[in-house]
Amino acid sequence: MAARAKAPTAPDDEHLHRVISAAFDPDFYRAVYTDLPAHEGAILHYRVHGWREGRDPAPWFSVDAYLEENPDVRKARIEPFFHFLTKGRGQGREVRPSRHALLYFDSVGWRPRAWSVEGFALGHEALARRAARREPAVLDEGARAAVAEAFDAAYYLAVNPDVRAAGTDPLEHFLSAGWREGRDPAPWFSVSHYLEANPDVAAAAMNPFAHYLLAGRDEGRAPRHDLGFRYDVIAGLRPTAERIAEAAARAAVAVTQAPEILAEALAGLGDLHVTLSHDHYLEHGGGLQFCVRREAARFGAMGIDHLHLFPATPWPGVRASGERGPLGVLLNGRRIGAFEPATVRDVLAAHPAPGARRSFAIHSLLGHGADDTADILAAAGLREGFFWLHDFASLCAGFHLLRNEVQDCAAPPADSPACAVCVHGSARARHLEVHGRLFDRLSLTVVAPSQTTLDFWRAHTGLPAARAAVLPHARLVDRGPAPKVPAERPFRLAFLGMPVALKGWPVFRELAQRFADDPRYEFHHLGGRSDPAAPAVFHPVSVTDETPDAMQAALEAVEADAALIWPLCRETFSFTAYEAAAAGAAVLTGPDSGNVAAFAAEGHGRVLADEAALRAAFESGEILALGRNLRRARLCGLEHSGMSADLVAETRP
């Protein structure tokens with residue numbers, strides 16, 4: 001066997017950041033990729049997500065073209081911009097412009113003359129010309145002093161980990177570059193809001209924070225708008241159809257491996273369970289990924305191999321007929337590579353296994369095509385299988401069923417005016433057609449993790465499911481009464497998980513800010529990343545395969561009285577709700593939270609009518625009735641299901 005090539009040594013993170021920062025164009029990046037979260041730095045987004053999604057760091061550099069023309073870089077999984085800047089440029093490797101370059105340069109009044117290795121110099125020439133046109137006003141000593149006094153360095157470093165990692169002075173970074181990148185100097189001031197509301201400040205290229213402190217405040221200008229977090233969500237939306245088109249363009253030029261590699265890996269397969277989802281379930285976290293991991297482990301314990309298929313490039317929707325979509329292939333958790341769907345089909349067809357135990361489960365159809373999927377499963381000798389309702393993608397491209405990502409829509413008819421005003425409306429027909437085609441070709445048992453989810457799905461679709469089943473992802477097993485807490489202790493409210501709008505973080509943050517000085521309450525956040533804008537005690541918690549009960553254990557240690565589980569969408573199943581109840585906390589939620597509301601109403605918490613009612617319950621102290629001692633809280637264990645493995649076991653001797 002040939003010796004494996006030694007993996008390249010990863011560059012020091014600070015060195016990598018400094019090299020990329022020198023040539024990265026944040027104005028270009030934010031101008032062409034308008035879906036970036038306002039709070040996330042452009043450079044950090046590119047380094048963590050952007051290059052893997054085919055996003056370009058500057059108008060003169062195309063990530064996809066560089067990887068396509070340099071297969072050694074692609075194979076080594078090296079970030080291409082860093083490679084070019086440190087090695088490729090010196091080796092004379094060519095660069096091609098971003099496909100967004102001409103449109104972008106037209107918008108700023110300059111068009112590039114030529115491209116190649118000289119693109120590096122031309123890129124900096126463009127930056128210099130733009131800087132000459134938009135030179136920001138230089139702050140005098142008084143203005144700098146005012147900014148320095150109001151600047152929140154701890155907050156700035158907390159929300160900008162790339163600045164912290166680079167060891168840069170936060171104030172100097174904000175003054176020199178941060179404000180132009182849309183980075184906020186304090187939780188109470190928004191650079192983007194202020195510039196949007198004050199075009200005179202933007203036109204003068206003035207530092208908005210300095211303007212506010214020296215003039216805007218006295219003039220009655222607001223440091224940030226008070227339109228609520230939903231306004232910010234809507235402001236950053238792009239039509240789903242447009243995002244699907246971009247995904248199709250990336251997939252069209254994706255590189256795949258030779259069929260022989262897959263044939264060698266899959267040779268001799270017998271007993272087999274096939275799963276499909278929207279991503280590499282071992283490289284991403286989340287409830288769906290957790291379910292696939294548990295399902296794979298259970299089939300492994302049964303002596304059955306696990307083949308997982310996912311889109312090799314991310315897709316925000318399903319694939320229509322004729323759209324190319326290479327598939328990433330995992331066998332028993334080991335990545336084999338990326339292959340055309342027809343290759344996967346042909347390799348499976350070439351290795352029949354008469355009499356073998358075989359099954360399949362579709363956990364998500366995002367990034368998959370109906371006919372490709374049915375053809376691959378048929379090649380494996382499969383037609384009857386399971387379709388899981390982890391979300392409602394079978395009803396709409398907006399699989400959370402949120403109109404413009406902020407309000408539950410309850411899946412109205414596809415020709416409804418309500419769909420016409422939604423960012424997902426134009427892509428809904430695609431999802432209905434592709435899922436309809438899938439259900440026509442396969443005999444699918446629809447599996448819901450809650451009765452609430454199944455009832456809703458049945459009421460809003462005509463998809464011809466062969467059968468239906470309800471199998472909760474977990475159930476509570478009583479462990480006895482929870483220890484009493486000191487009577488004089490404040491009521492503790494917890495939020496579990498990442499601080500994102502979809503899960504209701506802004507609602508928790510607003511409560512924490514409103515009642516920060518109220519001695520009746522304490523606020524605690526348990527998760528993987530903090531939000532310095534929320535006055536809450538942060539407890540870092542990481543749930544892994546080795547520590548699956550880490551969140552429950554941490555919440556139990558905090559002895560929270562209640563957990564705010566206020567998703568904007570109707571959840572099909574909420575692990576956090578079960579973890580909260582298992583740790584003795586009452587579940588507080590709203591009426592549009594799907595399974596969470598049903599779970600709370602069963603005696604595990606309380607359903608509030610809306611956010612105003614939630615605030616009122618804290619204002620009046622009514623919520624104190626849910627304290628652990630008054631409720632006589634109990635502790636539970638969580639018994640997780642084996643997912644599709646449990647269903648297969650029921651039908652086999």
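The values are calculated or read from the model by the stated rules, or taken from the named source; none is laboratory data. Bear in mind the structure is a predicted one, so any value in this text is a computation, not a measurement. Ideal geometry is used to build each Cβ from the backbone, glycine not excepted, and the neighbour counts take in all protein chains shown. Keep in mind that these areas ignore ligands, DNA and RNA; they rest on the heavy atoms of the full protein, side chains included. Shrake-Rupley method; radii C 1.70, N 1.55, O 1.52, S 1.80 Å.
Put Leu227, Leu366 in order of accessible area, largest first, 1.4 Å probe: what do you get? Could the numbers behind the result be given before it?
Details: Leu227 100, Leu366 10 Å².
The residues order as Leu227, Leu366, largest area first.
Ordered by packing density, taken as the mean number of other Cβ atoms within 10 Å over each peptide's residues, highest first, how do 29-36, 519-526 rank? Before the final figure, lay out each step's value.
Values: 29-36: 16.5, 519-526: 19.2.
Listed from highest to lowest mean packing, they are 519-526, 29-36.
Stick to the Cα atoms of segment 537-653, pair each with every other, and give me the Kirkwood hydrodynamic radius in Å at one decimal. Each step should come with its number before you reach the end.
Values: mean 1/r = 0.0645 Å⁻¹.
Over segment 537-653, the inverse of the mean reciprocal pair distance is 15.5 Å.
Can you pull the accessible area of Glu622 for me, 1.4 Å probe, Å² to the nearest 10?
Around 90 Å² of this residue is reachable by solvent.
Segment 352-410 to segment 555-572: how many Å between their Cα centroids?
29 Å
For the chain, give me the percentage of DSSP beta bridges that are antiparallel, rounded to the nearest 5 percent. All intermediate terms of the calculation are to be shown ahead of the outcome.
On the way: 21 of 62 bridges.
Here the antiparallel bridges make up roughly 35 percent for the chain.
So which aspartates and glutamates can Lys503 reach, going by Cα to Cα under 16 Å and dropping same-chain residues fewer than 8 places off?
Asp232, Asp391, Glu405, Asp408, Asp531, Glu571, Glu579, Asp592, Asp610, Glu611
Using only the C-alpha atoms of segment 389-433, find the volume of their convex hull and express it per residue in Å³.
Measuring per residue, one finds 61 Å³ for the Cα hull of segment 389-433.
Rank these residues by their accessible area, most exposed first, probe 1.4 Å: Lys503, Lys484, Lys87, Lys75. If you can, show how the numbers build up before the last one.
Values: Lys503 85, Lys484 150, Lys87 115, Lys75 175 Å².
Descending order: Lys75, Lys484, Lys87, Lys503.
Where does the Debye-calculated log10 I(q)/I(0) of segment 14-73 sit at q = 0.17, 0.20 Å⁻¹, using only Cα point scatterers of equal weight, no solvent?
Normalising to I(0) and taking log10 leaves -0.56, -0.76.
What is the extension gain from Arg467 to Met498, computed as 0.36 nm multiplied by their sequence separation minus the C-alpha to C-alpha distance, in nm to one decimal?
Values: separation 31, 0.36 × 31 = 11.16 nm, distance 3.54 nm.
Here the segment from Arg467 to Met498 would lengthen by 7.6 nm.
Based on the Cβ-Cβ distance from Glu384 to Ala350, what FRET efficiency comes out when R0 is 25 Å, to the nearest 0.05?
Numbers: r = 22 Å, r/R0 = 0.90.
The calculated FRET efficiency here is 0.65.
I need the shape label for segment 471-547. Rule: rounded when a/c is under 1.5, else prolate if a/b > b/c, else oblate, with a, b, c from the alpha carbon gyration tensor.
Working: a/c = 2.02, a/b = 1.18, b/c = 1.72.
Cα axes put segment 471-547 in the oblate bin.
Rounded, prolate or oblate: which fits segment 533-590 when a ≥ b ≥ c are the square roots of the eigenvalues of the alpha-carbon gyration tensor, with rounded for a/c under 1.5 and prolate only if a/b beats b/c?
Details: a/c = 1.43, a/b = 1.16, b/c = 1.24.
Rounded shape, in that the Cα axes give a/c under 1.5.
With the radius of gyration and the Kirkwood radius both derived from the Cα set of segment 153-289, what is their ratio Rg to Rh? Working shown, then result.
Numbers: Rg = 23.7 Å, Rh = 19.9 Å.
Result: Rg/Rh = 1.19.
What percentage of the solvent-accessible surface of the chain, computed with a 1.4 Å probe over protein heavy atoms, is contributed by carbon and sulfur atoms? Walk me through the numbers on the way to the answer.
Details: 15230 of 28530 Å².
Result for the chain: 53 percent of the exposed heavy-atom area is carbon or sulfur.
What does the charge dipole of the chain about its Cα centre add up to, to the nearest 20 debye, if the Cβ of each Lys and Arg holds +1 and the Cβ of each Asp and Glu holds -1? Each step should come with its number before you reach the end.
Numbers: 68 positive and 81 negative charges, 207 e Å.
Its charge dipole is roughly 1000 debye.
At 0.890 mPa s and 25 °C, plugging the Kirkwood radius over alpha-carbon pairs of segment 411-525 into Stokes-Einstein gives what diffusion coefficient in µm²/s? Please list the in-between numbers first.
On the way: Rh = 19.1 Å.
Roughly 128 µm²/s, to the nearest whole number.
Taking amide H positions as placed in the peptide plane 1.01 Å from N, state which residues far from Ala474 in sequence (5 or more) or on other chains have amide H under 5 Å from it.
Sorted by chain and number, the residues that satisfy this are Ser641.
Set Lys and Arg Cβ to +1 and Asp and Glu Cβ to -1, take the dipole of the chain about its Cα centre, and tell me which of Leu496, Ser620, Ala342 lies farthest positive.
Looking along the dipole axis, the top candidate is Ala342.
Considering the dipole of the chain built from charges on the beta carbon (Lys and Arg +1, Asp and Glu -1) around the Cα centre, which of Tyr66, Ala378, Leu309 is farthest to its positive end?
Of the options given, the answer is Ala378.
Which loop-located GluC sites (Glu not before Pro) does segment 181-281 contain, where loop means any DSSP state but H, G, I, E or B and the Cβ has at most 15 other Cβ atoms within 10 Å?
Working: sites: Glu181, Glu196, Glu219, Glu242, Glu246, Glu260, Glu264; in loops: Glu219.
Of the GluC sites (Glu not before Pro), the ones in loops of segment 181-281 whose Cβ has at most 15 other Cβ atoms within 10 Å are Glu219.
Of Ser190, Ser176, which has the most accessible area and how do the rest follow, probe 1.4 Å? If you can, show how the numbers build up before the last one.
Numbers: Ser190 5, Ser176 65 Å².
Sorted descending by solvent-accessible area, the residues read Ser176, Ser190.
Considering only C-alpha atoms, what is the centroid distance from segment 178-214 to segment 481-528, in Å?
Here the two parts' Cα centres lie 31 Å apart.
With all protein chains present, calculate the accessible area of Ile261 using a 1.4 Å probe and round the result to the nearest 10 Å².
About 80 Å², rounded to the nearest 10.
Report the one residue of Gly527, Gln513, Thr544 whose Cα lies farthest in the direction of the positive end of the charge dipole of segment 487-600 (charges on C-beta: Lys and Arg +1, Asp and Glu -1; origin at the Cα centre).
Gln513
Rounded, prolate or oblate: which fits segment 244-334, taking a ≥ b ≥ c as square roots of the Cα gyration tensor eigenvalues, rounded meaning a/c under 1.5, else prolate when a/b beats b/c?
Working: a/c = 2.56, a/b = 1.40, b/c = 1.82.
In terms of gyration-tensor shape, oblate.
Can you list residues whose amide H is under 5 Å from Ser98's amide H, if they're 5+ apart or on another chain and H is modeled 1.01 Å from N?
The answer is Trp60, Phe61, Ser62.
Under a point-charge model restricted to the Cβ atoms of Lys and Arg (+1) and Asp and Glu (-1), what is the dipole moment magnitude of segment 501-653 relative to its Cα centre, in debye to the nearest 20? Don't skip to the end; give the middle numbers.
Numbers: 13 positive and 22 negative charges, 44 e Å.
Dipole magnitude for segment 501-653 comes out near 220 debye.
Show that you can apply the helix-only estimate: for the chain, add -39,500 (n - 2.57) for every DSSP H stretch of four or more residues, divide by all residues, and state [θ] at 222 nm to the nearest 500. Walk me through the intermediate numbers first.
Numbers: 31 runs with 257 residues, N = 653.
-10500 deg cm²/dmol, from helical runs alone.
Need one number: the % of Cα-Cα pairs in the chain sitting beyond the 39 Å mark.
Working: 82906 of 212878 pairs.
Distances greater than 39 Å cover 39 percent of the Cα pairs.
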